[in-house]
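Below: one structure, written as structure tokens.
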Amino acid sequence: MNYNEWYQYYKYIKKILNIDENGDRKSTLIISTIVNDDFTDPETMRDEIQGNEVAVIGDSPYSFDFSQLKDKFIIVADDSARRFIFSDIFPRIIFTDLDTDEWVLEYFNSKNTIFSVHAHSDNIQKLFIVKKLKRRFATTQVKPLYNVFNFGGFTDGDRAVFFSHHMGAKKIFLYGFNFYYPNQEKNKNYNRKIAKLQISKFLIELLIKKYDANIIF
């Protein structure tokens, strides 16, 4: 999905959630300055993903069998990284908007995990954390820059799915995705969280219907 097409969906999402587009642009400029030229080029992962199976792990309370992840390129969405702390396998990429606890990011930073850090108007005050991450690339939901990418997608989970599809994944398996009952551990606004989950569902279904993405729920 190119940016011009994505922007049409972004405008729709912005209206539903009352998103500050100028704030999103400001956050994009800030993370661009922080990252500068010191980032992991996402295209270097294409060889690992293209034609292969990807597992994207969401943050719902749903459990799954870790043996199902064998031989798959593993991407996790933000706080779902906690599932792997006591595991003997590690995610290749964590898609995060820095909502998870900083110690979780520090733990996986020590394991050489790659971080896809999303900049938006609500996390500007957290972007300093990016300086601590060894392997990272930045994403945005508005117009991309040379060092801030936009592969489409809105929440951490569906952005990971869009990224996987962009990189040519043969199959994308979703684990721990729940579009109807949000994880309430962090006491977020329930109605807003439900709206985000429904947007995520819509976007993933769009990939399936319009772009023939092979996504397995």
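What the table below lists for this structure:
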quantity	calculated
Whichever residue in region 37-61 is of a type outside the set (S, T, N, Q) and at pLDDT below 95 and, among such residues, is farthest from the chain's Cα centre (by Cα)	PRO61
Given (1) under 22 Å from ILE34 (Cα atoms); (2) in contact with a Leu (Cβ under 6 Å, 6 or more places away or on another chain), number of the condition LEU145 does not satisfy	(2)
Any strands (runs of 3 or more DSSP E) falling wholly within region 52-149 and containing at least 3 residues that are hydrophobic (A, V, I, L, M, F, W, C)	53-57, 73-77, 93-96, 114-119
Hits in region 1-26 - residues which are among the acidic types (Asp, Glu), farther than 22 Å from LYS209 by Cβ and part of a helix (DSSP H, G or I)	GLU21, ASP24
Every residue from region 92-130 that is closer than 15 Å to THR40 by Cβ and of a type in the set (D, E, K, R)	ARG92, LYS111
Criterion (within 15 Å of GLY157 (Cβ to Cβ) and among the β-branched types (Val, Ile, Thr)) met by exactly one of ILE89, ILE114, ILE85, ILE75	ILE75
Odd one out for LEU29 among (1) assigned to a helix (DSSP H, G or I); (2) at pLDDT below 95	(2)
Among (1) farther than 18 Å from SER164 by Cβ; (2) in contact with a strand residue (DSSP E or B) (Cβ under 7 Å, 6 or more places away or on another chain), the one test that ILE49 misses	(1)
Pairs where the first residue, in region 54-68, is touching a residue at least 60 places away in the same chain (Cβ under 8 Å) and closer than 18 Å to LEU197 by Cα and the second is assigned to a helix (DSSP H, G or I) and of a type in the set (Asp, Glu), C-beta under 8 Å, 6+ apart	ASP59/ASP78; ASP59/ASP79; ASP59/ASP156
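The values are calculated or read from the model by the stated rules, or taken from the named source; none is laboratory data. For clarity, every value in this text was computed on a predicted model and none was experimentally measured. Here the Cβ is made from the backbone with ideal geometry for all residues, glycine too, and neighbour counts use every protein chain on show.
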